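Below is one structure; the comments refer to it alone.
Bear in mind these aren't lab numbers, they're just calculated from the coordinates by the rules spelled out. Since the structure is predicted, the reported quantities are computational estimates derived from the model, not experimental observations. Neighbour counts are summed over all protein chains in view; Cβ atoms, including those assigned to glycine, are modelled from backbone coordinates with ideal geometry.
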């Protein structure tokens, strides 16, 4: 195995637990809608807003990798359905998306994240590779990374090889010299190895590896196990 020059990290559920973050962001958005646009949202609750977003995903399958677009479009549709003009609906969707993203980037890092990334940065170049729409600067760790590839920017989501190719192009190293670390067996491990990278499964919660997938070359439970 070639010694890597670059480490790439998934973000959600790798550097922080994402479930509570998304729940808080959706709650903040709904509260904002009810406070500022009650006539627009009075027939909706959390489930109906999620259904609206699912309908957008179905309507724009070619944009399914772009979570920011999907949320913005769902908000715009909400305001259009309430009789707003296209321009007003666009502006209100911008405002609502910012409310969501403001809360979405208030993450609680796992305890090992900042100290271990600080240590690893002394030896490797570090990149983030994520399907989500977290912002490293707003999360407070942009100083630890050399770059961030998102599914929205790459035009494809993990495990699609195109997002990994975008990372290789940005890092300017052969794929074999990138070690990708992530929590998702398919998206992170299978996706990275299929793209010619090395991969480590970060299994913080002692989960079972899917029997349908070939086992990972290496499994760790904390970033401290990366040498």
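Things worth noting here:
- Extension reserve of the residue 34-residue 165 stretch, reckoned as 0.36 nm per residue once the Cα distance is removed: 42.9 nm
- Among (i) 35, 18, 16; (ii) 27, 22, 16; (iii) 52, 24, 18, the entry derived from the coordinates for semi-axes √(5λ) of the Cα gyration tensor in Å: (i)
- Neighbour counting of Cβ atoms within 10 Å sorts the residues 197, 46, fewest neighbours leading, into 46, 197.
- Virtual spin-label span in nm between residue 173 and residue 82, 7 Å along Cα→Cβ: 4.9 nm
- Approximate spin-label separation residue 24-residue 3, in nm, with each point projected 7 Å along Cα-to-Cβ: 4.0 nm
- Percentage relative contact order, the chain, counting C-alpha pairs under 8 Å, at least six apart: 24 percent
- Crossing angle, helix 161-171 versus the chain [Cα axis fit, 0-90 degrees, rounded to tens]: 70 degrees
- Extension gain (nm, one decimal) between residue 58 and residue 205, 0.36 nm per residue minus Cα-Cα: 49.7 nm
- Degrees separating the helix 46-59 axis from the principal Cα axis of the chain, which is the longest one: 70 degrees
- Working ranking of peptides 29-40, 72-83, 103-114 by packing, defined as the average number of other Cβ atoms within 10 Å per residue, highest first, is 72-83, 103-114, 29-40.
- Tilt relative to the chain, helix 19-36 - C-alpha long axis, 0 to 90 degrees, to 10: 20 degrees
- For segment 19-104, the convex hull drawn through the C-alpha positions has a volume of 88 cubic angstrom per residue.
- Relative contact order of segment 118-197: 24 percent, from C-alpha pairs under 8 Å at least 6 residues apart in sequence.
- For the chain, built as a Gaussian network whose Cα springs stay under 10 Å, the top-fluctuating residue of 176, 212, 130: 212
- Taking every C-alpha pair closer than 8 Å and separated by at least 6 residues, the mean separation divided by the residue count of segment 19-104 gives a relative contact order of 41 percent.
- For the chain, a Gaussian network of Cα nodes joined below 10 Å ranks 92, 172, 71 by mean-square fluctuation, and the top entry is 172.
- Residue 221/residue 142 FRET efficiency (R0 35 Å; Cβ-Cβ; nearest 0.05): 0.85
- Size descriptors for segment 33-83 (Cα atoms only): Rg and Dmax, in that order, 11.2, 33 Å.
- For the chain, modelled as a GNM whose springs connect Cα atoms under 10 angstrom apart, the maximal fluctuation among 195, 51, 89 occurs at 51.
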